[in-house]
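Asks: What follows is a structure written as structure tokens; I'll ask about it next.
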Amino acid sequence: MHVLGGSASTTLAERISRELGNVPFGIPFRKRFPDGELYVRVGGSFEDQDVVIVQSLRADSDLIELFLLEDAVREAGARHIWVVVPYFGYSRQDRRFFPGEPVSARALARRVETDADAIITVDLHSDLNRGVFRKTLFEASGIPAIGRLLRERPVDLLVSPDKGGVDRVRRMAELLGKPWIALEKKRIDSERVELYYPPTGPDVRGKQVVLLDDVISTGGTIVESAKLLRSRGAEAITATCTHGLFLKDAFERIKAVTDDVFATDTVENPVERASVAPDIAAILRREIAHETKGTAAAPPVEAARP
Ligand code: R5P
């Protein structure tokens, strides 16, 4: 087996290869042509091998890189291509909200899986996302990774910023044996939200509260949630999520109203302290019968454009 790290997920890919017992790990060569087009080249022989490509879809260019890597690995003779997409971009457009819109999640899923034999991802945005895949899909959860860190600190109450996160916060609450609540969220536009405390919610005065979301994007949801909890007397607020996009100044705005903020490593960011590598490796280990011991893959070689 080989693990290849796309440029959006190099660190996580290496962690996965280590979790698998140091299976061969490689970083494909990557450059831009003068016209801006991307060039990739994979090193080593993949003849009859299981190859794991790890690439989050954070930016549009990550998608092009993934398509090229899938094709390169197939051309190099791989037997089975596992495409690990830790953060599946575009998954929040999981339905047609207005006439004329695409179901972006489906559009991406169909194309990503074209050259893949199986897809592994982490915390898809919704149940609708799961239905858009035609090939085998495995979904890991960010909950165990975040839970491993939360176990080491005092937690009195787990809070989901909205009803959509109830399953997630309930799962974490079961894992840690702590109470949970969900706030009411009203979205004004893509950057602004209003948050309301549930009328039957517990008194948060003096409590250590953890806000748990699947994605932190503009930070609007977490900032308003933290302000609400603070105004009700919460003593300490930790904000955490699976996918930390932290757009623009989101990170600074969140830090200003919380005591700590961290995410998993599905997206590379300055606070990716909870690794999902063990959880992704567990799926691969379970699904692939193989010997995991190996040597480092041959380094990729630059080539001229054909
Ligand atoms: C919404 O359904 C999601 O679970 C997140 O709460 C949302 O995407 C976060 O976005 P932002 O950080 O821009 O408020």
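The values are calculated or read from the model by the stated rules, or taken from the named source; none is laboratory data. Being a predicted model, the structure only gives us computed values, none of them experimental. Ideal geometry is used to build each Cβ from the backbone, glycine not excepted, and the neighbour counts take in all protein chains shown. Note: accessible area is taken over every heavy atom of the protein model, side chains too, but ligands, DNA and RNA are not part of it. Shrake-Rupley method; radii C 1.70, N 1.55, O 1.52, S 1.80 Å.
Asks: On the basis of being at pLDDT 85 or above, over 12 Å from Val52 (Cβ atoms) and touching an Asp or Glu at 6+ places or on another chain (Cβ under 9 Å), does Pro270 make the cut?
Replies: no
Asks: Next question. Being farther than 20 Å from Ala282 by Cα, more than 18 Å from the chain's Cα centre (by Cα) and open to solvent by 20 Å² or more (accessible area, probe 1.4 Å) is the filter here, so list the residues in the stretch 1-37 that pass it.
Replies: Once the filter is applied, which keeps residues that are farther than 20 Å from Ala282 by Cα, more than 18 Å from the chain's Cα centre (by Cα) and open to solvent by 20 Å² or more (accessible area, probe 1.4 Å), the stretch 1-37 yields Ile27, Phe29, Arg30, Lys31, Arg32, Phe33, Pro34, Asp35, Gly36, Glu37.
Asks: For Thr242, indicate whether it is outside the structural domain of Val54 (by TED's automatic domain parsing), within 13 Å of the ligand (Cβ to nearest atom) and under 30 Å from Asn22 (Cβ atoms).
Replies: Criteria met by Thr242.
Asks: If His125 meets every condition in (1) under 24 Å from Trp82 (Cβ atoms); (2) away from the ligand (no atom under 16 Å from the Cβ); (3) touching a strand residue (DSSP E or B) at 6+ places or on another chain (Cβ under 8 Å) apart from one, which number is that one?
Replies: (2)
Asks: To continue, here is another question. Of all residues in the stretch 201-210, count the ones that are in a strand (DSSP E or B) and open to solvent by 20 Å² or more (accessible area, probe 1.4 Å).
Replies: The total comes to 1.
Asks: Assuming Ser160 fulfils every condition listed in (1) out of contact with any helix residue (DSSP H, G or I) (no Cβ under 6 Å at 6 or more places or on another chain); (2) closer than 30 Å to Arg205 by Cα apart from one, which condition is it?
Replies: Failed condition: (1).
Asks: Can you tell me which residue is surrounded by the most Cβ atoms within 10 Å (Cβ to Cβ) among those in the stretch 81-130 that are part of a loop (DSSP other than H, G, I, E, B) and polar (S, T, N, Q)?
Replies: Ser91
Asks: Follow-up question, since we're still on this one. Of all residues in the stretch 181-200, which are crowded, with 16+ Cβ neighbours inside 10 Å and either out of contact with any Ser or Thr (no Cβ under 7 Å at 6 or more places or on another chain) or among the hydroxyl-bearing types (Ser, Thr, Tyr) (or both)?
Replies: Scanning the stretch 181-200 gives Ile181, Tyr197.
Asks: Name the single residue, out of those in the stretch 195-223 being more than 17 Å from His243 (Cα to Cα) and in contact with an Asp or Glu (Cβ under 7 Å, 6 or more places away or on another chain), that is farthest from the ligand (Cβ to nearest atom).
Replies: So, considering only residues that are more than 17 Å from His243 (Cα to Cα) and in contact with an Asp or Glu (Cβ under 7 Å, 6 or more places away or on another chain), the one farthest from the ligand (Cβ to nearest atom) is Gly206.
Asks: Ok, one more. Any residue that is in a loop (DSSP other than H, G, I, E, B) and surrounded by fewer than 22 Cβ atoms within 10 Å (Cβ to Cβ) - is there at least one of those in the stretch 63-71?
Replies: no
Asks: For the stretch 183-194, what are the residues that are out of contact with any Pro (no Cβ under 7 Å at 6 or more places or on another chain) and either more than 9 Å from the ligand (Cβ to nearest atom) or farther than 17 Å from Leu211 by Cα (or both)?
Replies: Selection gives Lys186, Arg187, Ile188, Asp189, Ser190, Glu191, Arg192, Glu194.
Asks: Among the residues of the stretch 131-143, what is the count of those that are part of a strand (DSSP E or B) and without any contact (Cβ under 8 Å) to a residue 60 or more places away in the chain?
Replies: 3
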